[in-house]
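Student: Attaching a single structure in structure tokens format; questions to follow.
The values are calculated or read from the model by the stated rules, or taken from the named source; none is laboratory data. Computed from a prediction, not measured in an experiment: that's the story for all the values here. Here the Cβ positions follow ideal geometry from the backbone for every residue, glycine too, while neighbour counts run over all protein chains shown.
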Amino acid sequence: MRPAWLTSSPIAHRGLYDLKAGLPENSLAAFEAAAEAGYPCELDVQLTNSGMLIVLHDSDLMRATGVARPAVTLTAGDLPHIQLFGSDQHVPTLEQVIECVHGRVPLLIELKRSSVFNSRTLVQAVLERLKDSNGDYALASFDPFLVYAVKVARPGFPIGQISGLLRTTAPLKRLIERSLVSNFFIHADFISYELAGLPSRIVEMWRSHGVAVLAWPVNSPADERKAREYADNIIFADFLPEI
């Protein structure tokens, strides 16, 4: 079942980040800023080899820290010392983000798996962590197998399929995922689609059947005007849309 908040308020991409102000993406400071402003947050969650749920977009630390290290190798002892983009903010855990937001705004959590072997473990770990948490949540992924795993593990939990132009994806995988063919058996509650790929006949077909569409990334008022033609909500960064 799709919650109303997914289409009623713009969603801050990786929190309300502003690196110049010391608020890097996917940081506790960025999520606190979004919560104070009243914006729901989108964030990325990975499962480390030690079983931690960390909030980080990339599979390695190079872009965020300048250090070539796989994200899955991080331990609890490492996190306080991993500074994001030269700021005083560190890589947070999902639990820390939930505690920071404290139910003030909903969270749209993107699931990112490191291998085919940790899909079920990742889904179970996230769902278990959210089970007793106050607040509104939805899960989404580029990976249709992860989306389906959520559907099987927790029927009725809000789930979404992420897609778009997928320029860096292998050709066959790109064809399958851009076609959204998996939604015929997953029946996701919403589709999160790359703005550069809109308009899309496939996306419009699903939208006409009642599936909500979220456009990303929306980085300016001009982007928002385009997105509002083809989508029901936006995932934004670099500007402040009206709530």
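Student: Can you find even one residue in segment 54-65 that is among the polar types (S, T, N, Q), surrounded by fewer than 18 Cβ atoms within 10 Å (Cβ to Cβ), out of contact with any Asp or Glu (no Cβ under 9 Å at 6 or more places or on another chain) and within 24 Å of L139 (Cα to Cα)?
Tutor: Yes, segment 54-65 contains a residue that is among the polar types (S, T, N, Q), surrounded by fewer than 18 Cβ atoms within 10 Å (Cβ to Cβ), out of contact with any Asp or Glu (no Cβ under 9 Å at 6 or more places or on another chain) and within 24 Å of L139 (Cα to Cα).
Student: Provide a single number: the residues in segment 213-237 that are surrounded by fewer than 20 Cβ atoms within 10 Å (Cβ to Cβ) and within 21 Å of D143 (Cα to Cα).
Tutor: Of the residues in that region, 1 qualify.
Student: Considering only residues that are acidic (D, E) and touching a residue at least 12 places away in the same chain (Cβ under 8 Å), look in segment 115-167 and name the one that is nearest to T48 (Cα to Cα). Before the answer, list the steps.
Tutor: Residues of segment 115-167 acidic (D, E): 128, 132, 136, 143.
Narrowing further to those that are touching a residue at least 12 places away in the same chain (Cβ under 8 Å): 136, 143.
Details: D136: 24, D143: 18 Å.
For segment 115-167, the residue satisfying everything is D143.
Student: Something else about it: I'd like the residue in segment 171-208 that is within 18 Å of the chain's Cα centre (by Cα), among the charged types (D, E, K, R) and at pLDDT 95 or above and, out of all such residues, is farthest from I109 (Cα to Cα).
Tutor: E194
Student: It is to be established whether one or more residues within segment 106-115 are under 22 Å from A71 (Cα atoms), polar (S, T, N, Q) and surrounded by 13 or more Cβ atoms within 10 Å (Cβ to Cβ).
Tutor: yes
Student: What helices (runs of 4 or more DSSP H) completely inside segment 1-77 contain at least 3 residues that are at pLDDT 95 or above and within 29 Å of E229 (Cβ to Cβ)?
Tutor: By residue number, 5-8, 28-37.
Student: Here's something else I'd like to know. When segment 49-63 is examined, which residues are found to be in contact (Cβ under 8 Å) with a residue 40 or more places away in the chain and under 17 Å from the mean Cα position of the chain (by Cα)? Before you say what the answer is, go through the steps one by one.
Tutor: So the first thing to find is which residues in segment 49-63 are in contact (Cβ under 8 Å) with a residue 40 or more places away in the chain, and the list is 51-55, 57, 59.
L53, I54, V55, H57, S59 - these are the residues of segment 49-63 that are in contact (Cβ under 8 Å) with a residue 40 or more places away in the chain and under 17 Å from the mean Cα position of the chain (by Cα).
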